[in-house]
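First comes the structure, then the notes that go with it.
The values are calculated or read from the model by the stated rules, or taken from the named source; none is laboratory data. What you see is a predicted model, and the numbers here were worked out from it, not measured in a lab. Quick reminder, even Gly has a Cβ in these numbers, built from the backbone with ideal geometry, and neighbours come from all protein chains shown. When the accessible area is computed, the model is the full protein with side chains, heavy atoms only, and any ligands, DNA or RNA have been set aside. Shrake-Rupley method; radii C 1.70, N 1.55, O 1.52, S 1.80 Å.
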Amino acid sequence: MVLQYIIQPESHRMQLKTILNHIERHKSFVYGEAQWADTNTKTVIEIPIEPRANGRPVCSKCGCKAPGYDRLSPRRFEYVPVWGITVFFVYAMRRADCRTCGVTVEQVPWCDGKHQLTTTYRWFLAGWAKRLCWQGVAEAFGTTWQNVFRSVKHAVSWGLAHRNLSGIESIGVDEVQWQRGHKYLTLVYQIDDGSKRLLWIGKDRTTKTFLRFFRMLGKERSGKLKFVCSDMWKPYLKVIAKKAAGAIHVLDRFHIMQKMNKAIDEVRAAEVKRLQADGYEPILKHSRWCLLKRRENLTSKETVKLSELLQYNLRSVRAHLQREDFQRFWEYVSPAWAGKFLDQWCTRTMRSRIEPMKKVARTLRKHRELILNWFRAKGTISSGTVEGLNNKVKLTTRKSYGFRTYEAIEIALYHNLGRLPEPEFTHRFW
Ligand SMILES: [Zn+2]
(Lines give C-alpha, C1' and ligand atoms only; values in the text may rest on other atoms or scores of the structure.)
Protein backbone atom coordinates (compact mmCIF):
# COMPACT_ATOMS: atom_id res chain seq x y z
CA MET A 1 0.00 0.00 0.00
CA VAL A 2 1.18 3.48 -0.80
CA LEU A 3 0.79 6.23 1.80
CA GLN A 4 -0.43 9.52 0.44
CA TYR A 5 -1.26 12.44 2.63
CA ILE A 6 -3.33 14.51 0.31
CA ILE A 7 -3.93 18.19 0.72
CA GLN A 8 -6.08 19.89 -1.90
CA PRO A 9 -5.54 21.06 -4.56
CA GLU A 10 -3.92 18.16 -6.34
CA SER A 11 -0.76 20.12 -7.14
CA HIS A 12 -0.04 20.50 -3.40
CA ARG A 13 -0.28 16.78 -2.74
CA MET A 14 1.94 16.11 0.20
CA GLN A 15 3.67 12.83 0.51
CA LEU A 16 6.28 11.70 2.98
CA LYS A 17 8.92 12.18 0.32
CA THR A 18 7.85 15.80 -0.04
CA ILE A 19 8.57 16.31 3.65
CA LEU A 20 11.84 14.41 3.39
CA ASN A 21 12.97 16.55 0.49
CA HIS A 22 12.29 19.53 2.68
CA ILE A 23 14.12 18.33 5.80
CA GLU A 24 16.81 16.15 4.33
CA ARG A 25 17.56 16.49 0.67
CA HIS A 26 20.41 14.58 -0.94
CA LYS A 27 21.17 15.85 -4.37
CA SER A 28 22.38 12.58 -5.87
CA PHE A 29 19.52 10.46 -4.55
CA VAL A 30 15.73 10.46 -4.77
CA TYR A 31 13.12 9.23 -2.33
CA GLY A 32 10.46 6.86 -3.58
CA GLU A 33 6.91 6.33 -2.34
CA ALA A 34 6.57 5.43 1.31
CA GLN A 35 5.12 2.00 1.98
CA TRP A 36 4.02 0.00 4.95
CA ALA A 37 6.60 -2.66 5.69
CA ASP A 38 3.98 -4.65 7.55
CA THR A 39 0.64 -4.27 5.82
CA ASN A 40 -1.30 -5.93 8.63
CA THR A 41 0.01 -4.22 11.75
CA LYS A 42 1.07 -0.95 10.12
CA THR A 43 3.84 -0.01 12.56
CA VAL A 44 6.76 0.37 10.17
CA ILE A 45 7.16 2.58 7.11
CA GLU A 46 9.77 1.95 4.47
CA ILE A 47 10.95 4.65 2.13
CA PRO A 48 12.94 3.44 -0.84
CA ILE A 49 15.87 5.49 -2.05
CA GLU A 50 17.32 5.36 -5.53
CA PRO A 51 20.40 7.00 -6.99
CA ARG A 52 19.70 9.59 -9.63
CA ALA A 53 19.98 8.29 -13.16
CA ASN A 54 23.53 8.67 -14.50
CA GLY A 55 24.84 9.51 -11.02
CA ARG A 56 28.02 7.68 -10.14
CA PRO A 57 28.75 6.18 -6.70
CA VAL A 58 31.29 7.76 -4.37
CA CYS A 59 34.12 5.51 -3.23
CA SER A 60 33.98 5.15 0.57
CA LYS A 61 37.74 4.95 0.87
CA CYS A 62 38.89 8.03 -1.00
CA GLY A 63 35.66 9.99 -1.52
CA CYS A 64 36.04 10.20 -5.28
CA LYS A 65 33.36 9.43 -7.82
CA ALA A 66 33.90 6.19 -9.60
CA PRO A 67 32.06 4.04 -12.12
CA GLY A 68 29.54 1.62 -10.68
CA TYR A 69 30.57 -1.99 -10.35
CA ASP A 70 27.48 -3.81 -9.07
CA ARG A 71 24.79 -3.52 -6.38
CA LEU A 72 24.38 -5.27 -3.08
CA SER A 73 21.04 -6.46 -1.80
CA PRO A 74 18.81 -3.75 -0.20
CA ARG A 75 19.64 -2.59 3.31
CA ARG A 76 17.45 -0.82 5.88
CA PHE A 77 18.58 2.39 7.60
CA GLU A 78 16.51 3.54 10.53
CA TYR A 79 15.33 7.15 10.39
CA VAL A 80 13.55 9.46 12.89
CA PRO A 81 10.14 7.93 13.67
CA VAL A 82 6.96 9.83 12.79
CA TRP A 83 3.80 9.74 14.90
CA GLY A 84 5.04 6.69 16.78
CA ILE A 85 5.72 4.80 13.58
CA THR A 86 9.17 3.40 12.84
CA VAL A 87 10.73 4.68 9.63
CA PHE A 88 13.35 2.99 7.49
CA PHE A 89 15.12 4.07 4.36
CA VAL A 90 15.68 1.15 2.05
CA TYR A 91 18.59 1.28 -0.31
CA ALA A 92 20.67 -1.18 -2.27
CA MET A 93 24.26 0.01 -1.92
CA ARG A 94 26.28 0.22 -5.10
CA ARG A 95 29.86 -0.87 -5.29
CA ALA A 96 32.27 1.50 -6.97
CA ASP A 97 35.11 0.45 -9.20
CA CYS A 98 37.62 3.00 -7.94
CA ARG A 99 40.80 3.60 -9.86
CA THR A 100 42.88 3.96 -6.73
CA CYS A 101 41.11 1.75 -4.21
CA GLY A 102 39.69 -1.07 -6.30
CA VAL A 103 36.14 -2.25 -5.73
CA THR A 104 34.64 -0.55 -2.67
CA VAL A 105 31.17 -0.07 -1.23
CA GLU A 106 29.87 3.42 -1.95
CA GLN A 107 29.54 6.15 0.62
CA VAL A 108 26.02 7.47 1.21
CA PRO A 109 25.22 10.85 2.75
CA TRP A 110 22.56 9.69 5.24
CA CYS A 111 24.66 7.16 7.09
CA ASP A 112 28.25 6.28 7.72
CA GLY A 113 30.00 2.98 7.88
CA LYS A 114 28.05 -0.07 8.79
CA HIS A 115 25.62 1.69 11.11
CA GLN A 116 22.03 0.68 11.03
CA LEU A 117 20.86 4.08 12.20
CA THR A 118 20.94 7.08 9.91
CA THR A 119 23.17 9.95 11.02
CA THR A 120 20.13 12.20 11.52
CA TYR A 121 18.46 9.65 13.76
CA ARG A 122 21.63 9.29 15.83
CA TRP A 123 21.80 13.06 16.40
CA PHE A 124 18.11 13.01 17.21
CA LEU A 125 18.59 10.39 19.93
CA ALA A 126 21.69 12.15 21.27
CA GLY A 127 19.75 15.43 21.44
CA TRP A 128 17.05 13.83 23.57
CA ALA A 129 19.67 12.18 25.74
CA LYS A 130 20.51 15.62 27.10
CA ARG A 131 16.98 15.93 28.44
CA LEU A 132 16.15 12.38 29.46
CA CYS A 133 18.12 9.47 30.85
CA TRP A 134 19.23 7.00 28.20
CA GLN A 135 16.71 4.33 29.08
CA GLY A 136 14.01 7.01 28.92
CA VAL A 137 15.07 8.00 25.40
CA ALA A 138 15.11 4.36 24.32
CA GLU A 139 11.58 3.85 25.63
CA ALA A 140 10.23 7.09 24.20
CA PHE A 141 11.36 6.32 20.67
CA GLY A 142 11.07 2.55 20.66
CA THR A 143 14.74 1.78 20.40
CA THR A 144 17.37 0.13 22.57
CA TRP A 145 19.61 1.52 25.31
CA GLN A 146 22.56 0.38 23.21
CA ASN A 147 21.41 2.47 20.26
CA VAL A 148 21.03 5.54 22.46
CA PHE A 149 24.44 4.93 24.00
CA ARG A 150 26.11 4.56 20.62
CA SER A 151 24.39 7.69 19.34
CA VAL A 152 25.58 9.75 22.29
CA LYS A 153 29.05 8.30 21.88
CA HIS A 154 29.06 9.39 18.25
CA ALA A 155 27.85 12.90 19.18
CA VAL A 156 30.57 13.19 21.82
CA SER A 157 33.40 12.09 19.58
CA TRP A 158 32.24 14.47 16.86
CA GLY A 159 31.95 17.26 19.40
CA LEU A 160 35.38 16.62 20.89
CA ALA A 161 36.95 16.59 17.46
CA HIS A 162 35.29 19.88 16.50
CA ARG A 163 35.40 21.91 19.71
CA ASN A 164 37.40 25.05 20.09
CA LEU A 165 40.02 25.03 22.84
CA SER A 166 41.46 28.46 22.26
CA GLY A 167 41.20 31.30 24.73
CA ILE A 168 41.05 29.22 27.89
CA GLU A 169 42.39 31.28 30.80
CA SER A 170 40.94 29.74 33.95
CA ILE A 171 40.51 26.11 34.76
CA GLY A 172 39.46 24.20 37.84
CA VAL A 173 40.35 20.63 38.68
CA ASP A 174 38.07 18.53 40.82
CA GLU A 175 37.65 14.96 41.86
CA VAL A 176 34.44 13.02 42.28
CA GLN A 177 33.82 9.60 43.59
CA TRP A 178 31.98 7.25 41.29
CA GLN A 179 30.82 3.77 42.13
CA ARG A 180 31.26 2.49 45.62
CA GLY A 181 34.66 2.13 47.13
CA HIS A 182 37.48 4.48 46.43
CA LYS A 183 37.11 5.03 42.75
CA TYR A 184 37.64 8.58 41.59
CA LEU A 185 37.38 10.61 38.46
CA THR A 186 39.45 13.68 37.77
CA LEU A 187 37.48 16.44 36.12
CA VAL A 188 38.86 19.58 34.59
CA TYR A 189 36.55 22.52 33.93
CA GLN A 190 36.97 25.74 32.10
CA ILE A 191 35.73 28.37 34.55
CA ASP A 192 36.14 31.55 32.52
CA ASP A 193 33.38 34.13 32.65
CA GLY A 194 30.92 33.31 29.92
CA SER A 195 32.49 29.97 29.16
CA LYS A 196 32.04 27.35 31.79
CA ARG A 197 32.22 23.75 30.66
CA LEU A 198 33.71 20.39 31.34
CA LEU A 199 36.96 20.14 29.44
CA TRP A 200 38.32 16.77 30.37
CA ILE A 201 37.70 13.59 32.34
CA GLY A 202 40.21 11.02 33.51
CA LYS A 203 40.06 7.85 35.51
CA ASP A 204 41.59 8.01 39.02
CA ARG A 205 43.14 11.06 40.59
CA THR A 206 46.82 10.36 40.27
CA THR A 207 49.65 12.51 38.97
CA LYS A 208 49.54 10.43 35.81
CA THR A 209 45.84 11.11 35.33
CA PHE A 210 46.18 14.86 35.58
CA LEU A 211 49.28 14.94 33.40
CA ARG A 212 47.19 13.44 30.63
CA PHE A 213 44.96 16.52 30.70
CA PHE A 214 47.93 18.79 30.07
CA ARG A 215 49.10 16.54 27.28
CA MET A 216 45.66 16.95 25.68
CA LEU A 217 45.69 20.71 26.18
CA GLY A 218 49.16 21.07 24.72
CA LYS A 219 52.11 23.17 25.75
CA GLU A 220 51.07 26.38 24.06
CA ARG A 221 47.57 26.52 25.51
CA SER A 222 48.83 25.46 28.95
CA GLY A 223 51.22 28.39 28.82
CA LYS A 224 48.31 30.78 28.39
CA LEU A 225 46.49 29.72 31.54
CA LYS A 226 46.13 32.53 34.06
CA PHE A 227 44.32 30.82 36.92
CA VAL A 228 44.15 27.24 38.05
CA CYS A 229 41.80 26.26 40.86
CA SER A 230 42.17 23.05 42.77
CA ASP A 231 41.76 21.36 46.10
CA MET A 232 44.68 20.32 48.28
CA TRP A 233 45.15 16.91 46.75
CA LYS A 234 48.90 16.45 46.48
CA PRO A 235 49.16 14.96 42.97
CA TYR A 236 47.16 17.89 41.60
CA LEU A 237 49.34 20.44 43.37
CA LYS A 238 52.42 18.78 41.97
CA VAL A 239 51.16 18.69 38.39
CA ILE A 240 49.93 22.30 38.47
CA ALA A 241 53.31 23.53 39.74
CA LYS A 242 54.99 21.72 36.90
CA LYS A 243 52.62 22.22 33.99
CA ALA A 244 50.98 25.57 34.67
CA ALA A 245 53.83 27.38 36.34
CA GLY A 246 52.81 30.69 34.76
CA ALA A 247 49.31 30.65 36.24
CA ILE A 248 48.15 31.78 39.66
CA HIS A 249 47.26 28.63 41.51
CA VAL A 250 44.22 29.10 43.73
CA LEU A 251 42.94 26.76 46.38
CA ASP A 252 39.29 27.50 46.01
CA ARG A 253 36.72 28.24 48.61
CA PHE A 254 34.48 25.32 47.78
CA HIS A 255 37.18 22.74 48.40
CA ILE A 256 38.42 24.36 51.59
CA MET A 257 34.94 24.49 53.07
CA GLN A 258 34.37 20.93 51.89
CA LYS A 259 37.40 19.87 53.87
CA MET A 260 36.10 21.63 56.95
CA ASN A 261 32.70 20.00 56.58
CA LYS A 262 34.35 16.61 56.43
CA ALA A 263 36.15 17.39 59.66
CA ILE A 264 32.89 18.43 61.35
CA ASP A 265 31.28 15.21 60.18
CA GLU A 266 34.15 13.24 61.64
CA VAL A 267 33.93 15.02 65.00
CA ARG A 268 30.21 14.50 65.13
CA ALA A 269 30.36 10.80 64.26
CA ALA A 270 32.96 10.18 66.96
CA GLU A 271 30.95 12.14 69.49
CA VAL A 272 27.71 10.31 68.74
CA LYS A 273 29.52 7.07 69.46
CA ARG A 274 31.06 8.39 72.66
CA LEU A 275 27.76 9.77 73.97
CA GLN A 276 25.99 6.53 73.23
CA ALA A 277 28.69 4.55 75.01
CA ASP A 278 28.34 6.84 78.02
CA GLY A 279 24.58 6.34 78.04
CA TYR A 280 23.59 9.91 77.22
CA GLU A 281 20.45 10.93 75.39
CA PRO A 282 20.89 10.89 71.62
CA ILE A 283 20.92 14.68 71.36
CA LEU A 284 23.10 14.63 68.29
CA LYS A 285 20.73 12.50 66.31
CA HIS A 286 19.46 14.20 63.17
CA SER A 287 21.85 17.06 63.80
CA ARG A 288 24.05 16.54 60.79
CA TRP A 289 22.53 19.23 58.63
CA CYS A 290 22.26 21.82 61.39
CA LEU A 291 25.95 21.46 61.90
CA LEU A 292 26.95 21.41 58.26
CA LYS A 293 24.72 24.04 56.76
CA ARG A 294 25.45 27.71 57.01
CA ARG A 295 23.29 29.35 59.61
CA GLU A 296 21.34 31.51 57.17
CA ASN A 297 20.36 28.43 55.18
CA LEU A 298 18.82 26.52 58.06
CA THR A 299 15.11 25.75 58.15
CA SER A 300 13.26 26.96 61.24
CA LYS A 301 13.15 23.43 62.63
CA GLU A 302 16.89 23.14 62.16
CA THR A 303 17.44 26.49 63.83
CA VAL A 304 15.60 25.26 66.91
CA LYS A 305 17.67 22.10 66.89
CA LEU A 306 20.85 24.13 66.59
CA SER A 307 20.03 26.40 69.52
CA GLU A 308 19.24 23.28 71.52
CA LEU A 309 22.61 21.87 70.62
CA LEU A 310 24.39 25.08 71.49
CA GLN A 311 23.42 24.61 75.15
CA TYR A 312 25.77 21.68 75.34
CA ASN A 313 29.45 22.24 75.21
CA LEU A 314 29.91 19.56 72.60
CA ARG A 315 32.90 19.12 70.34
CA SER A 316 30.64 18.95 67.31
CA VAL A 317 29.14 22.27 68.22
CA ARG A 318 32.50 23.87 68.83
CA ALA A 319 33.76 22.56 65.49
CA HIS A 320 30.68 24.03 63.86
CA LEU A 321 31.36 27.41 65.49
CA GLN A 322 34.94 27.31 64.33
CA ARG A 323 33.74 26.89 60.80
CA GLU A 324 31.18 29.67 61.15
CA ASP A 325 33.98 31.87 62.42
CA PHE A 326 36.09 30.97 59.42
CA GLN A 327 33.42 32.19 56.98
CA ARG A 328 34.55 35.74 57.75
CA PHE A 329 37.81 34.90 56.04
CA TRP A 330 36.19 35.06 52.62
CA GLU A 331 34.96 38.59 53.16
CA TYR A 332 38.45 40.09 53.16
CA VAL A 333 39.65 42.05 50.19
CA SER A 334 43.33 42.39 50.91
CA PRO A 335 45.45 39.23 50.94
CA ALA A 336 47.53 40.66 53.79
CA TRP A 337 44.59 41.08 56.16
CA ALA A 338 43.11 37.80 55.10
CA GLY A 339 46.46 36.23 55.90
CA LYS A 340 46.44 37.72 59.37
CA PHE A 341 42.96 36.39 60.00
CA LEU A 342 43.95 32.97 58.71
CA ASP A 343 46.93 32.80 61.09
CA GLN A 344 44.80 33.79 64.07
CA TRP A 345 42.10 31.30 63.19
CA CYS A 346 44.68 28.55 62.90
CA THR A 347 46.20 29.44 66.27
CA ARG A 348 42.79 29.39 67.97
CA THR A 349 41.90 26.11 66.33
CA MET A 350 45.20 24.50 67.28
CA ARG A 351 44.33 25.21 70.92
CA SER A 352 40.89 23.66 70.61
CA ARG A 353 41.94 20.09 71.18
CA ILE A 354 39.55 18.91 68.47
CA GLU A 355 41.83 16.76 66.39
CA PRO A 356 40.03 16.76 62.98
CA MET A 357 39.79 20.58 63.09
CA LYS A 358 43.43 20.85 64.12
CA LYS A 359 44.26 18.78 61.09
CA VAL A 360 42.39 21.26 58.91
CA ALA A 361 44.29 24.14 60.52
CA ARG A 362 47.61 22.42 59.85
CA THR A 363 46.65 21.90 56.22
CA LEU A 364 45.60 25.52 55.84
CA ARG A 365 48.89 26.69 57.32
CA LYS A 366 50.83 24.49 54.98
CA HIS A 367 49.03 25.86 51.93
CA ARG A 368 48.78 29.44 53.19
CA GLU A 369 50.09 31.08 50.02
CA LEU A 370 47.92 29.13 47.62
CA ILE A 371 44.88 29.92 49.76
CA LEU A 372 45.70 33.62 49.78
CA ASN A 373 45.88 33.47 46.00
CA TRP A 374 42.12 33.40 46.23
CA PHE A 375 42.27 37.09 47.13
CA ARG A 376 44.87 37.80 44.47
CA ALA A 377 42.49 36.30 41.90
CA LYS A 378 39.44 37.99 43.33
CA GLY A 379 36.87 39.04 40.82
CA THR A 380 38.23 36.60 38.30
CA ILE A 381 37.11 33.40 39.88
CA SER A 382 33.59 33.27 41.19
CA SER A 383 33.19 31.11 44.22
CA GLY A 384 30.24 29.09 43.05
CA THR A 385 31.60 27.93 39.71
CA VAL A 386 33.48 24.80 40.68
CA GLU A 387 30.81 23.93 43.21
CA GLY A 388 28.04 24.33 40.66
CA LEU A 389 29.79 22.14 38.13
CA ASN A 390 30.58 19.60 40.82
CA ASN A 391 26.88 19.36 41.68
CA LYS A 392 25.94 18.89 38.05
CA VAL A 393 28.49 16.10 37.73
CA LYS A 394 27.03 14.35 40.76
CA LEU A 395 23.54 14.69 39.30
CA THR A 396 24.68 13.12 36.05
CA THR A 397 26.55 10.26 37.69
CA ARG A 398 23.57 9.53 39.92
CA LYS A 399 20.92 9.65 37.19
CA SER A 400 20.00 6.23 35.98
CA TYR A 401 21.93 6.07 32.77
CA GLY A 402 22.28 2.37 33.27
CA PHE A 403 26.02 2.60 33.10
CA ARG A 404 28.41 0.49 34.99
CA THR A 405 31.42 1.17 32.85
CA TYR A 406 33.83 4.05 32.94
CA GLU A 407 33.34 4.64 29.23
CA ALA A 408 29.62 5.24 29.63
CA ILE A 409 30.04 7.66 32.50
CA GLU A 410 32.73 9.55 30.61
CA ILE A 411 30.47 9.90 27.59
CA ALA A 412 27.48 10.98 29.67
CA LEU A 413 29.53 13.69 31.40
CA TYR A 414 31.00 15.09 28.21
CA HIS A 415 27.57 15.04 26.61
CA ASN A 416 25.82 16.86 29.45
CA LEU A 417 28.52 19.24 30.62
CA GLY A 418 31.01 19.60 27.78
CA ARG A 419 28.97 22.12 25.76
CA LEU A 420 30.16 20.29 22.69
CA PRO A 421 29.36 21.65 19.23
CA GLU A 422 27.01 19.91 16.80
CA PRO A 423 27.01 20.02 13.02
CA GLU A 424 24.62 22.37 11.24
CA PHE A 425 21.43 20.71 10.12
CA THR A 426 18.91 21.91 7.58
CA HIS A 427 16.16 20.84 9.94
CA ARG A 428 16.15 20.64 13.72
CA PHE A 429 14.24 17.76 15.20
CA TRP A 430 15.08 18.33 18.86
ZN1 LIG B 1 38.69 5.24 -3.89
- Report yes if Thr349 is open to solvent by less than 50 Å² (accessible area, probe 1.4 Å), within 26 Å of the chain's Cα centre (by Cα) and not basic (Lys, Arg), otherwise no. no
- Quick check, is Gly32 farther than 26 Å from Arg150 by Cα and within 16 Å of the ligand (Cβ to nearest atom)? no
- Message: Among the residues in region 65-76, are any within 16 Å of the ligand (Cβ to nearest atom), modelled with pLDDT of 90 or more and part of a loop (DSSP other than H, G, I, E, B)?
- Response: yes
- Could you figure out which of (1) open to solvent by less than 70 Å² (accessible area, probe 1.4 Å); (2) assigned to a helix (DSSP H, G or I); (3) touching a residue at least 12 places away in the same chain (Cβ under 8 Å) isn't true of Lys358? (3)
- Task: Check Arg215, Arg197 and return the single one that is among the charged types (D, E, K, R), surrounded by fewer than 18 Cβ atoms within 10 Å (Cβ to Cβ), on the phi < 0 side of the Ramachandran plot and under 16 Å from the mean Cα position of the chain (by Cα).
- Result: Arg197
- Subset of region 227-243 [surrounded by fewer than 16 Cβ atoms within 10 Å (Cβ to Cβ) and in contact (Cβ under 8 Å) with a residue 24 or more places away in the chain]: Lys238
- Query: Only one of (1) surrounded by fewer than 17 Cβ atoms within 10 Å (Cβ to Cβ); (2) part of a helix (DSSP H, G or I); (3) not aliphatic (A, V, I, L, M) fails for Gly246. Which number is that?
  - Reply: (2)
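Residues are listed down the side, and each one gets a yes or a no for (1) closer than 23 Å to Leu20 by Cα; (2) open to solvent by 40 Å² or more (accessible area, probe 1.4 Å); (3) more than 19 Å from the chain's Cα centre (by Cα):
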residue: Tyr121; (1), (2), (3): yes, no, yes
residue: Trp128; (1), (2), (3): yes, yes, no
residue: Cys133; (1), (2), (3): no, no, no
residue: Ala140; (1), (2), (3): yes, yes, yes
residue: Thr144; (1), (2), (3): no, yes, yes
residue: Phe149; (1), (2), (3): no, no, no
residue: Val152; (1), (2), (3): no, no, no
residue: Ser157; (1), (2), (3): no, yes, no
- Could you list, in sequence order, the residues of region 102-139 that are away from the ligand (no atom under 16 Å from the Cβ) and assigned to a strand (DSSP E or B)? Leu117
- Considering only residues that are free of Cβ contacts under 8 Å to residues at least 40 places away in the same chain and touching an Asp or Glu at 6+ places or on another chain (Cβ under 9 Å), look in region 168-185 and name the one that is most open to solvent (accessible area, probe 1.4 Å). Lys183
- Across region 83-106, which residue is most open to solvent (accessible area, probe 1.4 Å) among those that are among the β-branched types (Val, Ile, Thr) and under 40 Å from the mean Cα position of the chain (by Cα)? Val105
- Query: So which residues in region 77-101 are aliphatic (A, V, I, L, M), within 16 Å of the ligand (Cβ to nearest atom) and either touching a Ser or Thr at 6+ places or on another chain (Cβ under 8 Å) or touching a residue at least 40 places away in the same chain (Cβ under 8 Å) (or both), if there are any at all?
  - Reply: Ala96
- For residues that are of a type in the set (Val, Ile, Thr) and touching a strand residue (DSSP E or B) at 6+ places or on another chain (Cβ under 6 Å), tally how many sit in region 15-42. 1
- Query: For Glu369, which of the numbered conditions (1) open to solvent by less than 90 Å² (accessible area, probe 1.4 Å); (2) assigned to a helix (DSSP H, G or I) fails to hold?
  - Reply: (1)
- Message: Please go through region 44-63 and give me each residue that is on the phi < 0 side of the Ramachandran plot, open to solvent by 70 Å² or more (accessible area, probe 1.4 Å) and either assigned to a loop (DSSP other than H, G, I, E, B) or within 16 Å of the ligand (Cβ to nearest atom) (or both), ordered by number.
- Response: Arg52, Ala53, Arg56, Lys61
